[in-house]
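Student: My questions all concern the structure below.
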Protein chains: 2
Amino acid sequence: MKPLILITNDDGVQSRGLQSLAQIASKVGDVVIMAPDHNASGLSTSITCTRPLHVMPMGHQGSITTYACDGTPADCVKMGLEHFCPRRPSLVLSGINFGSNSSINIVYSGTMGGVIEACLNGFPAIGFSLLSHKPDADFKPGASAIKHIIQQVLQHPLPDLTALNVNIPHLPAEQIKGIKICRQAKAAWRDSMEKRTDEQGNVYFAMTGRFECLDQGTDTDEYALSQGYVSVVPISPDLTHHHSIELIKHIEQ
Amino acid sequence: MKPLILITNDDGVQSRGLQSLAQIASKVGDVVIMAPDHNASGLSTSITCTRPLHVMPMGHQGSITTYACDGTPADCVKMGLEHFCPRRPSLVLSGINFGSNSSINIVYSGTMGGVIEACLNGFPAIGFSLLSHKPDADFKPGASAIKHIIQQVLQHPLPDLTALNVNIPHLPAEQIKGIKICRQAKAAWRDSMEKRTDEQGNVYFAMTGRFECLDQGTDTDEYALSQGYVSVVPISPDLTHHHSIELIKHIEQ
(Lines give C-alpha, C1' and ligand atoms only; values in the text may rest on other atoms or scores of the structure.)
Protein backbone atom coordinates (compact mmCIF):
# COMPACT_ATOMS: atom_id res chain seq x y z
CA MET A 1 0.00 0.00 0.00
CA LYS A 2 1.26 3.50 -0.82
CA PRO A 3 2.30 5.66 2.12
CA LEU A 4 -0.34 8.14 3.33
CA ILE A 5 0.75 11.78 3.57
CA LEU A 6 -1.22 14.40 5.54
CA ILE A 7 -0.70 18.00 4.39
CA THR A 8 -1.60 21.32 6.00
CA ASN A 9 -0.42 24.92 5.60
CA ASP A 10 -1.08 28.38 7.00
CA ASP A 11 -1.87 30.34 3.83
CA GLY A 12 -5.20 28.52 3.57
CA VAL A 13 -6.70 25.67 1.58
CA GLN A 14 -6.89 27.69 -1.65
CA SER A 15 -3.14 28.39 -1.72
CA ARG A 16 -1.12 27.56 -4.86
CA GLY A 17 1.73 26.56 -2.57
CA LEU A 18 -0.42 23.91 -0.90
CA GLN A 19 -1.57 22.59 -4.27
CA SER A 20 2.03 22.40 -5.51
CA LEU A 21 3.10 20.42 -2.44
CA ALA A 22 0.12 18.06 -2.80
CA GLN A 23 1.04 17.40 -6.44
CA ILE A 24 4.62 16.52 -5.50
CA ALA A 25 3.50 14.34 -2.56
CA SER A 26 0.91 12.53 -4.71
CA LYS A 27 3.76 11.11 -6.79
CA VAL A 28 5.03 9.37 -3.65
CA GLY A 29 1.84 8.46 -1.78
CA ASP A 30 -1.86 9.02 -1.16
CA VAL A 31 -2.59 12.52 0.11
CA VAL A 32 -5.08 13.93 2.63
CA ILE A 33 -5.17 17.73 2.83
CA MET A 34 -6.59 19.30 5.99
CA ALA A 35 -5.91 23.02 5.76
CA PRO A 36 -7.31 26.23 7.27
CA ASP A 37 -10.26 27.77 5.37
CA HIS A 38 -8.63 31.19 5.86
CA ASN A 39 -5.22 32.87 6.03
CA ALA A 40 -3.68 31.58 9.27
CA SER A 41 -0.26 33.21 8.91
CA GLY A 42 1.55 34.14 12.11
CA LEU A 43 -0.53 31.77 14.24
CA SER A 44 2.46 29.78 15.52
CA THR A 45 1.48 26.55 17.30
CA SER A 46 -1.75 28.09 18.56
CA ILE A 47 -4.79 25.88 19.14
CA THR A 48 -8.47 26.77 19.38
CA CYS A 49 -9.78 26.18 22.92
CA THR A 50 -12.62 28.70 23.10
CA ARG A 51 -14.98 27.70 20.29
CA PRO A 52 -16.02 24.56 18.33
CA LEU A 53 -14.30 23.61 15.07
CA HIS A 54 -15.88 22.48 11.80
CA VAL A 55 -14.62 20.58 8.76
CA MET A 56 -15.77 21.00 5.16
CA PRO A 57 -15.05 18.23 2.58
CA MET A 58 -13.66 19.81 -0.60
CA GLY A 59 -13.58 16.75 -2.87
CA HIS A 60 -11.11 14.35 -4.46
CA GLN A 61 -8.61 14.85 -7.27
CA GLY A 62 -6.72 11.69 -8.21
CA SER A 63 -5.13 10.40 -4.99
CA ILE A 64 -5.62 13.75 -3.22
CA THR A 65 -8.55 14.20 -0.80
CA THR A 66 -9.09 17.73 0.49
CA TYR A 67 -10.79 19.11 3.61
CA ALA A 68 -10.97 22.68 4.94
CA CYS A 69 -11.15 23.44 8.66
CA ASP A 70 -11.95 26.68 10.49
CA GLY A 71 -9.04 26.20 12.88
CA THR A 72 -5.32 26.87 13.04
CA PRO A 73 -2.64 24.74 11.30
CA ALA A 74 -2.03 22.86 14.59
CA ASP A 75 -5.79 22.27 14.91
CA CYS A 76 -5.81 20.97 11.31
CA VAL A 77 -3.08 18.45 12.07
CA LYS A 78 -4.86 17.19 15.21
CA MET A 79 -8.12 16.98 13.22
CA GLY A 80 -6.57 15.18 10.26
CA LEU A 81 -4.67 12.68 12.38
CA GLU A 82 -7.58 11.85 14.67
CA HIS A 83 -10.61 11.85 12.36
CA PHE A 84 -9.90 12.18 8.64
CA CYS A 85 -6.94 9.96 7.74
CA PRO A 86 -8.13 6.53 6.52
CA ARG A 87 -4.95 4.97 7.95
CA ARG A 88 -1.90 6.07 9.93
CA PRO A 89 0.05 8.65 7.87
CA SER A 90 3.71 7.93 7.15
CA LEU A 91 4.46 11.63 6.97
CA VAL A 92 2.95 15.05 7.74
CA LEU A 93 3.84 18.03 5.54
CA SER A 94 3.10 21.75 5.83
CA GLY A 95 3.36 24.38 3.10
CA ILE A 96 4.59 25.33 0.63
CA ASN A 97 4.48 28.69 2.41
CA PHE A 98 4.59 31.95 0.47
CA GLY A 99 7.61 33.62 2.09
CA SER A 100 10.51 32.35 4.17
CA ASN A 101 10.28 30.64 7.54
CA SER A 102 13.93 30.79 8.47
CA SER A 103 16.07 31.73 11.49
CA ILE A 104 14.75 31.68 15.05
CA ASN A 105 11.71 33.69 13.86
CA ILE A 106 9.91 30.46 13.00
CA VAL A 107 8.37 30.67 16.48
CA TYR A 108 5.70 32.83 14.78
CA SER A 109 5.09 30.50 11.86
CA GLY A 110 1.74 28.78 11.40
CA THR A 111 3.38 26.57 8.77
CA MET A 112 5.85 25.33 11.36
CA GLY A 113 3.09 25.19 14.01
CA GLY A 114 1.52 22.40 11.98
CA VAL A 115 4.88 20.65 11.81
CA ILE A 116 5.48 20.93 15.56
CA GLU A 117 2.00 19.54 16.26
CA ALA A 118 2.72 16.49 14.10
CA CYS A 119 6.12 16.00 15.75
CA LEU A 120 4.58 16.15 19.24
CA ASN A 121 2.24 13.36 18.11
CA GLY A 122 5.16 11.19 17.05
CA PHE A 123 4.88 11.64 13.26
CA PRO A 124 7.73 12.50 10.88
CA ALA A 125 6.99 16.05 9.72
CA ILE A 126 8.45 18.59 7.31
CA GLY A 127 7.62 22.26 6.68
CA PHE A 128 8.35 23.82 3.29
CA SER A 129 8.60 27.55 2.53
CA LEU A 130 9.53 29.43 -0.65
CA LEU A 131 11.40 32.73 -0.42
CA SER A 132 8.78 34.71 -2.33
CA HIS A 133 5.58 36.49 -1.34
CA LYS A 134 4.65 37.20 -4.99
CA PRO A 135 1.22 35.86 -6.06
CA ASP A 136 2.87 34.40 -9.20
CA ALA A 137 5.81 32.84 -7.30
CA ASP A 138 7.22 29.83 -9.15
CA PHE A 139 7.05 26.63 -7.07
CA LYS A 140 8.42 24.37 -9.83
CA PRO A 141 12.20 24.89 -9.43
CA GLY A 142 12.08 23.58 -5.83
CA ALA A 143 10.03 20.49 -6.70
CA SER A 144 12.91 18.05 -7.17
CA ALA A 145 14.52 19.04 -3.84
CA ILE A 146 11.15 18.66 -2.10
CA LYS A 147 10.60 15.21 -3.60
CA HIS A 148 14.14 14.16 -2.62
CA ILE A 149 13.68 15.29 0.99
CA ILE A 150 10.28 13.55 1.27
CA GLN A 151 11.75 10.31 -0.06
CA GLN A 152 14.76 10.50 2.26
CA VAL A 153 12.51 10.96 5.30
CA LEU A 154 10.29 8.06 4.23
CA GLN A 155 13.36 5.82 3.79
CA HIS A 156 15.41 6.90 6.84
CA PRO A 157 13.39 7.64 10.02
CA LEU A 158 14.11 11.03 11.56
CA PRO A 159 15.73 11.11 15.02
CA ASP A 160 13.33 11.09 17.97
CA LEU A 161 11.37 14.35 18.52
CA THR A 162 12.94 15.88 15.41
CA ALA A 163 11.14 17.52 12.49
CA LEU A 164 12.51 19.37 9.46
CA ASN A 165 12.19 23.00 8.40
CA VAL A 166 12.95 23.44 4.70
CA ASN A 167 13.35 26.79 2.92
CA ILE A 168 13.73 27.10 -0.83
CA PRO A 169 15.38 30.06 -2.57
CA HIS A 170 13.19 31.64 -5.28
CA LEU A 171 15.59 30.96 -8.14
CA PRO A 172 15.47 29.23 -11.52
CA ALA A 173 16.16 25.48 -11.16
CA GLU A 174 19.67 25.72 -12.61
CA GLN A 175 20.67 28.30 -9.99
CA ILE A 176 19.65 26.14 -7.00
CA LYS A 177 23.01 24.74 -5.91
CA GLY A 178 21.88 21.87 -3.68
CA ILE A 179 20.59 21.05 -0.20
CA LYS A 180 22.37 22.00 3.06
CA ILE A 181 21.66 20.84 6.62
CA CYS A 182 21.85 23.95 8.84
CA ARG A 183 21.12 25.46 12.22
CA GLN A 184 18.72 28.38 12.65
CA ALA A 185 20.33 31.80 12.32
CA LYS A 186 19.87 34.13 15.26
CA ALA A 187 17.85 36.97 13.78
CA ALA A 188 14.86 39.15 14.67
CA TRP A 189 12.22 41.54 13.42
CA ARG A 190 12.81 45.10 14.65
CA ASP A 191 10.38 48.05 15.07
CA SER A 192 7.40 45.90 14.40
CA MET A 193 4.39 47.87 15.73
CA GLU A 194 3.85 50.97 13.60
CA LYS A 195 1.72 53.69 15.22
CA ARG A 196 -0.85 55.17 12.82
CA THR A 197 -3.93 57.40 12.95
CA ASP A 198 -7.14 56.63 11.05
CA GLU A 199 -9.37 59.18 9.29
CA GLN A 200 -11.36 59.76 12.49
CA GLY A 201 -8.17 60.55 14.40
CA ASN A 202 -8.11 57.25 16.31
CA VAL A 203 -4.73 55.72 17.04
CA TYR A 204 -4.07 52.13 15.94
CA PHE A 205 -1.03 49.94 15.45
CA ALA A 206 -0.04 47.78 12.48
CA MET A 207 2.46 44.92 12.37
CA THR A 208 5.42 45.86 10.20
CA GLY A 209 9.18 45.86 10.77
CA ARG A 210 12.46 44.95 9.18
CA PHE A 211 14.37 41.69 9.37
CA GLU A 212 17.77 41.94 11.05
CA CYS A 213 20.25 39.06 10.99
CA LEU A 214 23.46 39.77 12.91
CA ASP A 215 24.46 36.09 12.95
CA GLN A 216 27.70 35.77 10.96
CA GLY A 217 27.77 31.94 11.02
CA THR A 218 28.23 30.05 7.76
CA ASP A 219 26.35 27.03 9.15
CA THR A 220 22.99 28.84 9.32
CA ASP A 221 19.85 28.60 7.18
CA GLU A 222 20.15 32.30 6.29
CA TYR A 223 23.69 31.78 4.96
CA ALA A 224 22.80 28.66 2.94
CA LEU A 225 19.81 30.44 1.38
CA SER A 226 21.95 33.49 0.52
CA GLN A 227 24.30 31.14 -1.34
CA GLY A 228 21.51 29.58 -3.40
CA TYR A 229 21.03 26.38 -1.38
CA VAL A 230 17.83 24.80 -0.09
CA SER A 231 18.18 24.92 3.73
CA VAL A 232 17.10 22.03 5.96
CA VAL A 233 17.07 22.62 9.73
CA PRO A 234 16.29 19.80 12.18
CA ILE A 235 14.00 21.28 14.83
CA SER A 236 12.67 20.05 18.17
CA PRO A 237 9.54 20.95 20.14
CA ASP A 238 11.63 20.67 23.33
CA LEU A 239 12.43 24.31 24.17
CA THR A 240 14.70 23.41 27.11
CA HIS A 241 18.01 25.30 26.87
CA HIS A 242 19.97 22.33 28.19
CA HIS A 243 23.31 24.15 28.31
CA SER A 244 21.79 26.81 30.57
CA ILE A 245 20.63 24.35 33.24
CA GLU A 246 23.98 24.37 35.05
CA LEU A 247 24.36 28.13 34.56
CA ILE A 248 21.26 29.04 36.58
CA LYS A 249 21.60 26.58 39.48
CA HIS A 250 22.11 29.57 41.85
CA ILE A 251 18.34 30.16 41.60
CA GLU A 252 17.58 26.87 43.38
CA GLN A 253 16.39 26.91 46.98
CA MET B 1 15.86 54.58 39.73
CA LYS B 2 13.80 51.44 40.36
CA PRO B 3 13.88 48.76 37.68
CA LEU B 4 10.96 48.80 35.23
CA ILE B 5 9.08 45.52 34.81
CA LEU B 6 6.72 44.87 31.88
CA ILE B 7 4.02 42.26 32.54
CA THR B 8 1.65 40.41 30.22
CA ASN B 9 -0.38 37.20 30.41
CA ASP B 10 -2.78 35.13 28.34
CA ASP B 11 -5.77 34.88 30.67
CA GLY B 12 -6.54 38.55 30.02
CA VAL B 13 -6.09 41.88 31.77
CA GLN B 14 -8.79 41.17 34.36
CA SER B 15 -7.10 37.99 35.65
CA ARG B 16 -6.38 37.60 39.37
CA GLY B 17 -3.16 35.83 38.43
CA LEU B 18 -1.94 38.92 36.57
CA GLN B 19 -2.86 41.17 39.47
CA SER B 20 -1.03 38.90 41.92
CA LEU B 21 2.12 38.98 39.80
CA ALA B 22 1.91 42.76 39.44
CA GLN B 23 1.65 43.13 43.23
CA ILE B 24 4.75 40.99 43.78
CA ALA B 25 6.69 42.79 41.02
CA SER B 26 5.70 46.22 42.36
CA LYS B 27 7.68 45.48 45.53
CA VAL B 28 10.82 45.24 43.37
CA GLY B 29 10.23 47.83 40.65
CA ASP B 30 7.84 50.03 38.68
CA VAL B 31 5.33 47.99 36.69
CA VAL B 32 3.72 48.45 33.27
CA ILE B 33 1.00 45.91 32.44
CA MET B 34 0.14 45.38 28.76
CA ALA B 35 -2.22 42.41 28.63
CA PRO B 36 -4.84 41.03 26.24
CA ASP B 37 -8.38 42.43 26.69
CA HIS B 38 -9.69 38.86 26.27
CA ASN B 39 -8.82 35.24 27.06
CA ALA B 40 -5.83 34.48 24.83
CA SER B 41 -5.08 30.96 26.11
CA GLY B 42 -3.54 28.52 23.65
CA LEU B 43 -2.32 31.28 21.32
CA SER B 44 1.35 30.24 21.52
CA THR B 45 3.73 32.86 20.06
CA SER B 46 1.14 33.94 17.50
CA ILE B 47 1.12 37.53 16.25
CA THR B 48 -1.62 39.55 14.58
CA CYS B 49 -0.73 40.33 10.96
CA THR B 50 -4.18 40.66 9.37
CA ARG B 51 -5.86 43.49 11.30
CA PRO B 52 -4.91 46.66 13.22
CA LEU B 53 -4.35 46.58 16.98
CA HIS B 54 -5.62 49.00 19.62
CA VAL B 55 -4.59 49.86 23.18
CA MET B 56 -6.85 51.00 26.03
CA PRO B 57 -5.32 52.75 29.10
CA MET B 58 -6.77 51.19 32.26
CA GLY B 59 -5.29 53.57 34.86
CA HIS B 60 -2.66 53.64 37.60
CA GLN B 61 -2.53 51.96 41.00
CA GLY B 62 0.55 52.86 43.04
CA SER B 63 3.55 52.07 40.85
CA ILE B 64 1.46 49.88 38.49
CA THR B 65 0.25 51.32 35.16
CA THR B 66 -2.15 49.11 33.21
CA TYR B 67 -3.07 48.92 29.50
CA ALA B 68 -5.28 46.43 27.65
CA CYS B 69 -4.63 45.44 24.04
CA ASP B 70 -6.80 43.54 21.55
CA GLY B 71 -3.85 41.38 20.45
CA THR B 72 -2.05 38.22 21.52
CA PRO B 73 0.44 38.00 24.41
CA ALA B 74 3.33 38.31 21.89
CA ASP B 75 1.63 41.37 20.36
CA CYS B 76 1.28 42.83 23.88
CA VAL B 77 5.00 42.44 24.55
CA LYS B 78 5.95 44.07 21.22
CA MET B 79 3.47 46.88 21.95
CA GLY B 80 4.63 47.45 25.50
CA LEU B 81 8.33 47.44 24.63
CA GLU B 82 8.00 49.72 21.62
CA HIS B 83 5.39 52.25 22.68
CA PHE B 84 4.25 52.12 26.31
CA CYS B 85 7.28 51.63 28.53
CA PRO B 86 8.62 54.99 29.80
CA ARG B 87 12.15 53.53 29.86
CA ARG B 88 13.88 50.26 28.93
CA PRO B 89 12.46 47.45 31.09
CA SER B 90 14.88 45.42 33.17
CA LEU B 91 12.59 42.41 33.00
CA VAL B 92 9.50 41.08 31.21
CA LEU B 93 7.10 38.77 33.08
CA SER B 94 4.08 36.76 31.95
CA GLY B 95 1.37 35.24 34.14
CA ILE B 96 0.55 34.11 36.70
CA ASN B 97 -1.31 31.64 34.51
CA PHE B 98 -4.29 29.66 35.79
CA GLY B 99 -3.11 26.11 35.10
CA SER B 100 0.25 24.52 34.41
CA ASN B 101 2.56 25.32 31.50
CA SER B 102 4.94 22.43 31.89
CA SER B 103 6.62 19.77 29.73
CA ILE B 104 7.11 20.18 25.99
CA ASN B 105 3.45 21.20 25.68
CA ILE B 106 4.40 24.81 26.37
CA VAL B 107 4.55 25.24 22.57
CA TYR B 108 0.79 25.98 22.85
CA SER B 109 1.09 28.46 25.70
CA GLY B 110 0.18 32.11 25.20
CA THR B 111 1.81 32.83 28.56
CA MET B 112 5.09 31.47 27.25
CA GLY B 113 4.50 33.13 23.85
CA GLY B 114 4.85 36.48 25.61
CA VAL B 115 8.06 35.25 27.25
CA ILE B 116 9.54 34.02 23.97
CA GLU B 117 8.71 37.35 22.29
CA ALA B 118 10.59 39.24 25.03
CA CYS B 119 13.53 36.84 24.82
CA LEU B 120 13.76 37.31 21.01
CA ASN B 121 13.98 41.05 21.68
CA GLY B 122 16.90 40.59 24.05
CA PHE B 123 15.06 41.09 27.35
CA PRO B 124 15.29 38.83 30.43
CA ALA B 125 11.89 37.17 30.67
CA ILE B 126 10.06 34.78 32.99
CA GLY B 127 6.70 33.03 32.70
CA PHE B 128 4.81 31.98 35.83
CA SER B 129 2.00 29.41 36.03
CA LEU B 130 0.07 27.99 38.98
CA LEU B 131 -1.11 24.38 38.90
CA SER B 132 -4.77 25.23 39.42
CA HIS B 133 -7.61 26.20 37.08
CA LYS B 134 -9.96 26.97 40.00
CA PRO B 135 -11.43 30.50 40.00
CA ASP B 136 -10.50 30.82 43.70
CA ALA B 137 -6.95 29.43 43.25
CA ASP B 138 -4.59 30.74 45.92
CA PHE B 139 -1.65 32.68 44.45
CA LYS B 140 -0.17 33.66 47.85
CA PRO B 141 1.84 30.51 48.73
CA GLY B 142 4.00 30.92 45.59
CA ALA B 143 4.69 34.61 46.17
CA SER B 144 7.99 34.26 48.01
CA ALA B 145 9.42 31.90 45.34
CA ILE B 146 8.30 34.30 42.59
CA LYS B 147 9.93 37.26 44.34
CA HIS B 148 13.15 35.25 44.87
CA ILE B 149 13.34 34.26 41.19
CA ILE B 150 12.66 37.82 40.01
CA GLN B 151 15.41 39.16 42.29
CA GLN B 152 17.87 36.48 41.16
CA VAL B 153 17.28 37.32 37.49
CA LEU B 154 17.67 41.06 38.16
CA GLN B 155 20.96 40.42 40.01
CA HIS B 156 22.48 37.72 37.74
CA PRO B 157 21.87 38.16 34.00
CA LEU B 158 20.39 35.11 32.28
CA PRO B 159 22.53 33.33 29.66
CA ASP B 160 22.15 34.61 26.08
CA LEU B 161 18.83 33.72 24.38
CA THR B 162 17.55 32.06 27.55
CA ALA B 163 14.26 32.73 29.35
CA LEU B 164 12.67 30.99 32.32
CA ASN B 165 9.50 28.94 32.61
CA VAL B 166 8.32 28.69 36.21
CA ASN B 167 5.51 26.44 37.46
CA ILE B 168 4.19 26.56 41.00
CA PRO B 169 2.42 23.66 42.72
CA HIS B 170 -0.97 24.61 44.19
CA LEU B 171 -0.06 23.79 47.78
CA PRO B 172 -0.08 25.57 51.14
CA ALA B 173 3.16 27.53 51.65
CA GLU B 174 4.57 25.09 54.20
CA GLN B 175 4.22 22.20 51.73
CA ILE B 176 6.23 23.90 48.94
CA LYS B 177 9.62 22.26 49.35
CA GLY B 178 11.81 24.63 47.34
CA ILE B 179 12.86 25.58 43.81
CA LYS B 180 14.37 23.12 41.30
CA ILE B 181 16.07 23.84 37.95
CA CYS B 182 14.73 21.27 35.47
CA ARG B 183 14.40 20.23 31.85
CA GLN B 184 11.01 19.92 30.14
CA ALA B 185 9.37 16.52 30.47
CA LYS B 186 8.46 14.78 27.22
CA ALA B 187 4.68 14.59 27.43
CA ALA B 188 1.67 15.14 25.20
CA TRP B 189 -2.08 15.63 25.01
CA ARG B 190 -3.86 12.61 23.52
CA ASP B 191 -7.27 12.31 21.80
CA SER B 192 -7.71 16.02 21.71
CA MET B 193 -10.48 16.65 19.11
CA GLU B 194 -13.79 15.29 20.39
CA LYS B 195 -16.45 14.74 17.73
CA ARG B 196 -19.89 15.98 18.79
CA THR B 197 -23.29 16.69 17.22
CA ASP B 198 -25.31 19.82 17.98
CA GLU B 199 -29.11 20.02 18.40
CA GLN B 200 -29.57 20.55 14.65
CA GLY B 201 -27.57 17.40 13.89
CA ASN B 202 -24.47 19.26 12.68
CA VAL B 203 -21.11 17.73 13.45
CA TYR B 204 -18.53 19.83 15.25
CA PHE B 205 -15.30 19.18 17.13
CA ALA B 206 -14.21 20.41 20.55
CA MET B 207 -10.69 20.55 21.99
CA THR B 208 -10.38 18.15 24.88
CA GLY B 209 -7.95 15.33 25.69
CA ARG B 210 -5.90 13.84 28.46
CA PHE B 211 -2.33 14.63 29.49
CA GLU B 212 0.09 11.73 29.12
CA CYS B 213 3.63 11.89 30.52
CA LEU B 214 5.71 8.80 29.77
CA ASP B 215 8.98 10.54 30.67
CA GLN B 216 10.43 8.73 33.72
CA GLY B 217 13.25 11.25 34.29
CA THR B 218 13.72 12.72 37.75
CA ASP B 219 15.28 15.89 36.29
CA THR B 220 12.03 17.07 34.66
CA ASP B 221 9.59 19.84 35.54
CA GLU B 222 6.78 17.27 35.89
CA TYR B 223 8.78 15.28 38.44
CA ALA B 224 9.79 18.35 40.47
CA LEU B 225 6.19 19.54 40.58
CA SER B 226 4.95 16.10 41.63
CA GLN B 227 7.39 16.27 44.55
CA GLY B 228 6.12 19.68 45.72
CA TYR B 229 8.87 21.86 44.22
CA VAL B 230 8.56 25.02 42.14
CA SER B 231 10.03 24.06 38.73
CA VAL B 232 12.26 26.44 36.74
CA VAL B 233 13.16 25.46 33.16
CA PRO B 234 15.58 27.53 31.08
CA ILE B 235 14.09 27.76 27.59
CA SER B 236 15.36 29.01 24.24
CA PRO B 237 13.55 30.35 21.17
CA ASP B 238 16.12 28.51 19.01
CA LEU B 239 14.29 25.35 17.94
CA THR B 240 17.32 23.85 16.19
CA HIS B 241 17.84 20.24 17.27
CA HIS B 242 21.63 20.61 17.23
CA HIS B 243 22.35 16.96 18.01
CA SER B 244 20.33 15.88 14.96
CA ILE B 245 22.35 17.97 12.49
CA GLU B 246 24.98 15.24 12.00
CA LEU B 247 22.31 12.50 11.99
CA ILE B 248 20.53 13.81 8.88
CA LYS B 249 23.53 14.75 6.73
CA HIS B 250 22.51 12.01 4.26
CA ILE B 251 19.75 14.36 3.05
CA GLU B 252 22.32 16.84 1.67
CA GLN B 253 22.85 17.10 -2.08
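Student: Using a 1.4 Å probe and counting only protein heavy atoms, how much accessible surface gets buried when A and B come together, both sides summed, in Å² to the nearest 100?
Tutor: Adding both sides of the contact gives about 6900 Å².
Student: In chain B, what percentage of the DSSP-assigned beta bridges are antiparallel, given to the nearest 5?
Tutor: Approximately 40 percent, going by the DSSP bridge assignments.
Student: Taking amide H positions as placed in the peptide plane 1.01 Å from N, state which residues far from A:H170 in sequence (5 or more) or on other chains have amide H under 5 Å from it.
Tutor: A:L131
Student: Which of B:P73, B:P234, B:P36 moves the most in a Gaussian network model of chain B with Cα springs under 10 Å?
Tutor: In the Gaussian network model the winner is B:P234.
Student: Based on the Cβ-Cβ distance from A:Y204 to A:M1, what FRET efficiency comes out when R0 is 60 Å, to the nearest 0.05?
Tutor: 0.65
Student: For each pair in A:K180/B:K78; A:K195/B:K78; A:K78/B:K180; B:K27/B:K140, compute the distance between the two Cα atoms and list the pairs where it is over 23 Å.
Tutor: Listed pairs above 23 Å: A:K180/B:K78; A:K78/B:K180.
Student: Further question on the same structure: Starting from the 7 Å offset along Cα-to-Cβ, what nm value, one decimal, do you get for the label separation of A:Q227 and A:K27?
Tutor: Reported label-point gap for A:Q227 and A:K27 is 2.7 nm.
Student: Additional query: Quick one: what are the phi-derived ³J(HN,Hα) couplings along region B:239-253, Karplus 6.51/-1.76/1.60 with θ = phi - 60°, whole Hz, x for glycine and proline?
Tutor: Values, residue by residue: 7, 3, 8, 4, 5, 7, 4, 5, 6, 10, 4, 4, 6, 4, 9 Hz.
Student: I want the antiparallel fraction of DSSP beta bridges within the protein assembly as shown, as a percent rounded to 5.
Tutor: 45 percent
Student: With the crude spin-label approximation of a point 7 Å out along Cα→Cβ, what separation in nm comes out for A:L214 versus B:D191?
Tutor: 5.0 nm
Student: Local charge sum around B:L214 (other residues, Cβ-Cβ under 11 Å, Lys/Arg +1, Asp/Glu -1)?
Tutor: Counting the neighbours of B:L214, the net charge comes to -1.
Student: Using alpha-carbon positions, what is the distance between the centroids of region B:11-60 and region A:6-65, in Å?
Tutor: Result: 33 Å between the Cα centres.
Student: Of the GluC sites (Glu not before Pro) in region A:131-217, which ones lie in a loop per DSSP and count no more than 11 other C-beta atoms within 10 Å?
Tutor: Listed in order of number, the matching sites are A:E199.
Student: Taking each label point as 7 Å beyond Cα in the direction of the beta carbon, state the distances from A:Q61 to the same residue in the other copies, shortest first, in nm.
Tutor: 5.5
Student: Quick one: putting +1 on the C-beta of Lys and Arg, -1 on the C-beta of Asp and Glu, what dipole do you get for chain A around its Cα centre, in Debye to the nearest 20?
Tutor: 580 debye
Student: Roughly what would the spin-label model give for B:H250 and A:L247, points 7 Å off Cα along C-beta, in nm?
Tutor: 3.4 nm
Student: Shifting gears a bit: In a shell of Cβ-Cβ distance under 12 Å around A:G71, excluding A:G71 itself, what net charge do Lys and Arg (+1) and Asp and Glu (-1) give?
Tutor: -3
Student: Further question on the same structure: For B:C182, enumerate residues with amide H under 5 Å from its amide H, sequence gap 5+ or separate chain, H modeled in the peptide plane.
Tutor: B:V232, B:V233
The values are calculated or read from the model by the stated rules, or taken from the named source; none is laboratory data. Everything numeric in this text was worked out from a predicted model, so none of it was measured. Methodologically, a virtual Cβ is constructed for each residue, glycine included, from the backbone with ideal geometry; neighbour enumeration extends over all protein chains shown. Ligands, DNA and RNA are excluded from the accessible area calculation, which covers all protein heavy atoms including side chains. Shrake-Rupley method; radii C 1.70, N 1.55, O 1.52, S 1.80 Å.
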